[in-house]
Amino acid sequence: MTVIKEPALDEVLLKPLVEAALIEDLGRRGDITSQATIPVDKQAQLQIKARQAGVICGMDLARLSFAMVDTQIEFNAQVNDGEMVAAGTVLATVRGNARHLLTAERTALNFMTHLSGIATATRQIVDSVAEYRAQITCTRKTIPGLRILQKYAVRCGGGRNHRLGLDDAILIKDNHIAIAGDIKTAIQQAQDFAGHLMPIEVEVDTLDQLQQALDAGASLVLLDNMTPEVLSQAVAMCNGRAKTEASGGITPATVQAVAKTGIDFIAMGYLTHSTTALDIGLDFSA
């Protein structure tokens, strides 16, 4: 399977997240279990291993977790983010002060298991619809504070990102339309506001709303909670006039039926709010 070579996130973005996680775990007294049971100068070597097959994500976060506890810890990565591995694969070897290794263990693994789970699920879904034109995208349904990481994990799995936040694209949803008055007014006001580089997408729930959006000049439509049969009709109505994106409770069990409609994009909140962590552990080796 092809490795997804997603450019790594800059450390300046990662360090505050790792620091916050370590501070939360260390509490007021630090790792008192390791302090109580391990000699202060004891050295050890451990291996980070995948206990399940999957797509790996979060290697830099793991490395930083150990480095921010102890800069003398040696972290030797054996795989890269975006790489599919078999169960039992050694992902990295870490060596250094035993207390410090164990202090950083849970923070490193929390990042890796969560993000690798997202990347793995994304890859499985992307592969399941590979014969169709649809591209899989994530949504803003993310854990507060971790969005940049979760969306990175989606990319490592071969998916695409929808909006990163409220400020990088205009998405006119049902409440915007209700308050603005109607679809045409909402679109016209958005077009007047947006610069030439800002995309505008309009959410519609019915074919009648879709026709109104097309008549008002929408170039990207979010087809929300439509059945595959209605989605097929919507794609035919657009006929190249607007890009189409399906959304609304789409899961691995239903994504193929949605992709078969000829839709351009499939937005799945599932990727970031309902995927299962990949089992990854830290094992003593010497």
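The values are calculated or read from the model by the stated rules, or taken from the named source; none is laboratory data. Predicted, not measured: the structure shown is a model, and the values here were computed from it. In this analysis, Cβ positions are derived from the backbone assuming ideal geometry, glycine residues included, and neighbour counts consider all displayed protein chains. Quick note on the areas: whole protein, heavy atoms, side chains included, nothing else; ligands and nucleic acids left out. Shrake-Rupley method; radii C 1.70, N 1.55, O 1.52, S 1.80 Å.
Side notes on the structure shown:
- For segment 68-184, the fraction of C-alpha pairs more than 24 angstrom apart is 47%.
- Of the Cα atoms belonging to segment 1-97, the radius of gyration and Dmax stand at 15.1, 46 Å.
- Surface exposure of segment 1-150, expressed per residue as accessible area with a 1.4 Å probe, stands at 51 Å².
- Principal semi-axes in Å for the chain [√(5λ), Cα gyration tensor, largest first]: 44, 20, 13
- Using C-alpha pairs below 8 Å separated by at least 6 residues, the relative contact order for the chain is 22 percent.
- Nearest-20 debye value, the chain charge dipole, Cβ charges on Lys, Arg, Asp, Glu: 560
- For q = 0.14, 0.19 Å⁻¹, Debye-computed log10 I/I(0) when each Cα of segment 213-286 counts as one equal scatterer: -0.50, -0.77
- Charging the Cβ of each Asp and Glu at -1 and of each Lys and Arg at +1, and nothing else, the dipole of segment 23-162 about its Cα centre rounds to 420 debye.
- Reachable lysines from LYS184, criterion Cα separation under 17 angstrom, eight or more residues apart if same chain: LYS173
- Here the Debye sum runs over all C-alpha atoms of segment 127-170 as equal scatterers in vacuum, and log10 of I(q)/I(0) at q = 0.14, 0.17, 0.28, 0.34 Å⁻¹ comes out as -0.36, -0.51, -1.02, -1.24.
- Nearest-0.05 FRET efficiency for ASP279 and ASP70, computed from C-beta distance (R0 22 Å): 0.25
- Long-range tail of P(r) for segment 161-273 (Cα pairs > 16 Å, %): 57
- Each of SER128, GLN45, THR93 was placed along the dipole of segment 31-173 (beta-carbon charges, centred on the mean Cα), and the one lying farthest toward the positive end is SER128.
- Per-residue extension of 0.36 nm, minus the Cα-Cα distance of THR206 and SER219, leaves a gain of 3.0 nm for this segment.
- With Cα atoms, 0 to 90° folded angle of helix 11-26 axis to the chain main axis: 60
- Heavy atoms of GLU74: accessible area, 1.4 Å probe, square angstrom to 10: 100
- Accessible carbon and sulfur surface of the chain relative to its total accessible area, %, 1.4 Å: 51
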